[in-house]
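The values are calculated or read from the model by the stated rules, or taken from the named source; none is laboratory data. Here the structure is a predicted model, which is why all the values come from computation and not from measurement. Ideal geometry is used to build each Cβ from the backbone, glycine not excepted, and the neighbour counts take in all protein chains shown. All accessible areas refer to the heavy atoms of the entire protein, side chains included, with ligands and DNA or RNA removed. Shrake-Rupley method; radii C 1.70, N 1.55, O 1.52, S 1.80 Å.
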Amino acid sequence: MAEHHNHEHHHEMPQKSQVEEALGKYNLDIEDEEVKEAVKKIIAEKVHENDTPEVKQFLMGSVELTTLKTTDSDESVMAFTERVNQFEETYPNLPHVATICVYPRFAKVVSETLEVDGVEVACVSGSFPSSQALIEVKTVETSLAVKDGATEIDMVLSVGAFLSGDYETVIDEIQQMKEACGDKKMKVILETGCLKTAANIKTASLLSMYAGADYIKTSTGKEQPAATPEAAYVMCQAIKEYYEQTGIQIGFKPAGGLNSVMDALIYYTIVKEVLGEKWLTNQWFRMGTSRLANLLLSEVIGEEVKFF
């Protein structure tokens, strides 16, 4: 497989016995109950100390403002992007969102409309949300999105292949998608609600990182349950252990079902407690949501606003 064209060279994902060898360096014998208890403890003891205006302001700058509707059109996506341009003018002292996330067919509209520096154009690609297309179709869709201005690609792990134990296919597809991204960042969506167990979530996290993910993301938002604090905890543990083994820092993105400011604070706290300060920048921690942007803004400025 060709070397990744990004600057952080991920480990080349080896063949079967080496896959087992790579996974063997990690503790995959994790009980769902233990995870639940650990999360409960973090929420009870730590969340309140992060419930501050500064943290909420930071979280606004980590939002991936997302529209993935069947009814999206050039006009609606253009208007959506214009709100981000207007935000910069209306609230010059507040951080703008990190990203606008759309379907690939709108990459061009967003990149041509967006005027704010530092906002990424993310596209969900590779037959989102099911990922059930031929790999040739997935890579072409990805290359076209990048050509049209996508600066980040969010792909969905082949969940069916993973659950059947076909890790080779899972790895191979991520590697091919990474190649199609060129030097653009790639997030792998695990669809944790379908993976069910902590052990599955940790295994899928590790395979994704070894195969070339720059970020791992919880969910598409199209399957239930979407993001959960327990899944986030397991994914952050995997990121931490991978970093300790390889020195490669991988980003984290909870998405789907982030409905309240408290949800955002819980994910922030889990990242802070498991991964530490180094991950608390809008480069390494993102949240996929639309509804949350208005709620955070309302709390930061102290009155209800429906800006986005």
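Points worth noting:
- Here the convex hull built on the C-alpha positions of segment 74-130 has a volume of 79 cubic angstrom per residue.
- Percent breakdown of C-alpha pair distances by 10 Å bin, ordered from the shortest bin, for the chain: 6, 29, 36, 22, 6, 0
- For segment 181-308, the mean projected area of the C-alpha convex hull, equal to one quarter of the hull surface, is 8.3 nm².
- Summed residue charge, Cβ within 12 Å of VAL39's Cβ, Lys/Arg positive, Asp/Glu negative: -3
- Put simply, when 17-25, 255-263, 95-103 are sorted by average Cβ atoms within 10 angstrom per residue, most first, you get 95-103, 255-263, 17-25.
- Listed values for segment 143-148 are Karplus-derived 3J(HN,Hα) couplings in whole Hz (6.51 cos²θ - 1.76 cosθ + 1.60, θ = phi - 60°), namely 4, 5, 4, 5, 4, 7, and x replaces Gly and Pro.
- Cα gyration tensor, segment 116-239 - rounded (a/c under 1.5), prolate or oblate: prolate
- What the phi angles of segment 292-308 give under the Karplus curve with 6.51, -1.76 and 1.60, with θ = phi - 60°, is a coupling list of 5, 4, 5, 5, 5, 4, 4, 5, 5, 9, x, 8, 5, 10, 10, 7, 8 Hz, glycine and proline written as x.
- For segment 34-134, with all protein chains in place and a probe radius of 1.4 Å, 51% of the accessible heavy-atom surface sits on carbon or sulfur.
- Alpha-carbon centroid distance for the pair segment 89-165 / segment 14-54, whole angstrom: 27
- Translational diffusion of segment 39-159, µm² s⁻¹ [Kirkwood Rh, Cα pairs; Stokes-Einstein; 37 °C; 0.692 mPa s]: 206
- Three-way shape call for segment 44-88 based on the alpha-carbon gyration tensor, with the a/c threshold at 1.5: oblate
- Across the cross-link table entries LYS40/LYS222; LYS138/LYS272; LYS40/LYS69; LYS46/LYS108; LYS46/LYS217, which are compared at the Cα atoms, the separations over 32 Å belong to LYS138/LYS272; LYS40/LYS69; LYS46/LYS108.
- Solution diffusion estimate, µm²/s, Stokes-Einstein, segment 97-187, Kirkwood Rh from C-alpha pairs, 4 °C, viscosity 1.567 mPa s: 98
- Among the trypsin sites (Lys or Arg not before Pro) within segment 216-284, not one is in coil by DSSP while having at most 12 neighbouring Cβ atoms inside 10 Å.
- Taking all Cα-Cα distances within segment 198-256, those exceeding 13 Å account for 57%.
- Taking amide H as placed 1.01 Å from N in the peptide plane, the amide H of GLY288 sits under 5 Å from that of GLU64, ALA255, GLY256, each at least 5 places away or on another chain.
- Accessible area expressed per residue, the chain, with surrounding protein chains retained (probe 1.4 Å, Å²): 42
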